[in-house]
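These notes concern the structure reproduced below.
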Amino acid sequence: MAEEKVKKNFKELVEMSVSGLTIDPFTSMPIVILKDKDQKYSLPIWIGLIEASAIATELEKIKLSRPMTHDLIKNMLEQVSITVDRVVVDELSDNTFYAKVFLKQNGKEWMLDSRPSDAIALSLRTKASIFVEKEVINKSKKIDLSKEPQQKQSWTDILDNLSPEDFGKYKM
């Protein structure tokens, strides 16, 4: 496990929350949409289907018979009294977003490198805050989300209708 002592200095963080999930009409890839509480900033992050499923199951409060990966991580952290303090989307480079997960235990804090989709899925399960570096928001492509096609199906319907072929090389 790659862990670092927390020393990263962030310039300006914007607290955001998951506004929803949508599908890119051109690539058919899922997009998680983060928005700040004032609806001033919006950040679309393209993610994989499996990661979208992990986020959607938590957003839709779908109870599965067995724990998914992010549920397992949450349960493991709880067993050793570690809390997820916050997640930060802190970089955008070559069209790839980067994030950090901040963990706390007995006054100690650790910072772990993460994909934003995994950090978001974990934050939803642990009720940890999500922050984004303002520079990342400024660097991201500005899109008008009101002009995107609206999601016609609920994520519950999409998840119910997935087939093993939808996961490509990741067979279930």
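A few remarks follow.
- Here the extension length gained between Asp38 and Glu12 equals 7.7 nm, from 0.36 nm per residue of separation less the Cα-Cα distance.
- Alpha-carbon centroid distance for the pair segment 76-93 / segment 95-133, whole angstrom: 4
- Linear extension gain, Asn138 paired with Arg66, 0.36 nm per residue minus alpha-carbon span: 22.0 nm
- Overall form of segment 4-144 per C-alpha gyration tensor (a/c, 1.5; a/b vs b/c): oblate
- Where a label projected 7 Å from the Cα of Ser81 along Cα→Cβ would reach, residues of segment 93-120 with amide N under 14 Å: 104-108
- Cross-link pairs Lys35/Lys74; Lys35/Lys61; Lys11/Lys74; Lys40/Lys63; Lys74/Lys134; Lys37/Lys127 - those with Cα-Cα distance over 26 Å: Lys11/Lys74; Lys40/Lys63; Lys74/Lys134
Where a number appears in this text, it was derived from the coordinates with a stated rule and is not lab data. Keep in mind that this is a model prediction, so the values were computed, not measured. Backbone-built Cβ (ideal geometry, glycine too); neighbour counts: all protein chains shown.
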